[in-house]
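Structure, as structure tokens:
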Amino acid sequence: MARKKVIVGNWKMNNTIKESLEFINNMKYKMDTNIVDVGICPQYLALSKIKEETKGTNIKIGAQNVHFADNGAYTGEVSTKMLEELELDYCIIGHSERRQYFNETDETVNKKLHKVLQTGMIPIVCVGEVLKEREENIHFEVVEKQVEAAFKDIEILEIQKCIIAYEPVWAIGTGKTATSVQAEEMCKYIREIIANLYSKEVAEKVRIQYGGSVNSGNAKEILNMPNIDGALVGGASLKVEFIEIIKAV
Ligand code: PGA
């Protein structure tokens, strides 16, 4: 069975609640599609209103991050229990900006993944090497380690619910996209890792996105690759251009 493509916009720390609502209202009829899964991950404060605003459409809504505890003394954090009330569709885990600026490790990514899998949200697990690692030609090793650590003790039925996003850090927000060949090569490799950890059959079901400076100009070529099942889009998801990326599918 063919894997359905999935395009998710990660708005990061952009758009006030008002701006988020304006964007969604201007675009929602264009994003509402059955052919491809389309999601938006706005900032936490806008989630509730955006969720309401997109009711009755096919647009999926997700969180950009979550904590691994249910509640407790974790100032500034949000738990899966809190997000569950909003009936969200996705939750991004282990984005490289979280790893880089907020000390997320492979271990916390794994804890978060376990937690999110107890909810109705689909986890989008991010992995990817930094520039130095690619230059040293250890990018396959690095990504393999990240995937193995993220999915530690994750059951075979659970992995099938997950989306993996391959996001080379050097391509994020830099305008420097990986070539479609580089992106395909790593997404294929990630599928092989999943096949080794679980089975070939399971690996064929897991959706693997590419992320890193995806835009309306390069989307078609990237999304045409056999092992790339969608895109995690940052900068371009804040613009009307996002529609063009969806159309590229
Ligand atoms: P970018 O971000 O499209 O702006 O490079 C991608 C991401 O961080 O998911």
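Descriptive notes on the structure:
- E241 fulfils the conditions (1) within 11 Å of the ligand (Cβ to nearest atom); (2) open to solvent by less than 40 Å² (accessible area, probe 1.4 Å) except for a single criterion, (2).
- Count of region 196-212 residues which are open to solvent by less than 30 Å² (accessible area, probe 1.4 Å) and either closer than 15 Å to V143 by Cα or within 15 Å of the ligand (Cβ to nearest atom) (or both): 5
- Hits in region 177-189 - residues which are surrounded by fewer than 21 Cβ atoms within 10 Å (Cβ to Cβ), within 16 Å of the ligand (Cβ to nearest atom) and in a helix (DSSP H, G or I): S180, Q182
- Restricting attention to region 10-22, the residues that are of a type outside the set (A, V, I, L, M) and within 16 Å of the ligand (Cβ to nearest atom) add up to 5.
- Looking only at region 157-176, and only at residues there that are assigned to a helix (DSSP H, G or I) and open to solvent by less than 80 Å² (accessible area, probe 1.4 Å), the one that is nearest to the ligand (Cβ to nearest atom): A171
- Counted residues, region 63-108 - those being in contact with a strand residue (DSSP E or B) (Cβ under 7 Å, 6 or more places away or on another chain) and closer than 18 Å to V130 by Cα: 4
- Which numbered condition I246 misses (of (1) within 15 Å of the ligand (Cβ to nearest atom); (2) modelled with pLDDT under 95; (3) open to solvent by 10 Å² or more (accessible area, probe 1.4 Å)): (2)
- Yes/no for I156 being at pLDDT 95 or above and closer than 23 Å to G235 by Cβ: no
- Qualifying residue in region 197-210 (condition: among the basic types (K, R), closer than 22 Å to M121 by Cα and outside any helix (DSSP H, G or I)): yes
- Members of region 219-235 found to be closer than 25 Å to K28 by Cβ, in contact (Cβ under 8 Å) with a residue 40 or more places away in the chain and either assigned to a strand (DSSP E or B) or open to solvent by less than 40 Å² (accessible area, probe 1.4 Å) (or both), listed by number: I222, L223, D229, G230, A231, L232, V233, G234
- Residue in region 140-153 that is over 24 Å from K4 (Cα atoms), open to solvent by 30 Å² or more (accessible area, probe 1.4 Å), basic (K, R) and at pLDDT 95 or above present: yes
- Whether a residue is open to solvent by 80 Å² or more (accessible area, probe 1.4 Å), within 16 Å of V143 (Cβ to Cβ), modelled with pLDDT of 95 or more and part of a helix (DSSP H, G or I) was assessed, and E192 passes this test.
The values are calculated or read from the model by the stated rules, or taken from the named source; none is laboratory data. As the structure is a computational prediction, the values presented were derived from the model and not from experiment. All Cβ positions, even for glycine, are placed from backbone atoms using ideal geometry, and neighbour counts span all protein chains on display. Only protein heavy atoms, including side chains, enter the accessible area calculation; ligands, DNA and RNA are left aside. Shrake-Rupley method; radii C 1.70, N 1.55, O 1.52, S 1.80 Å.
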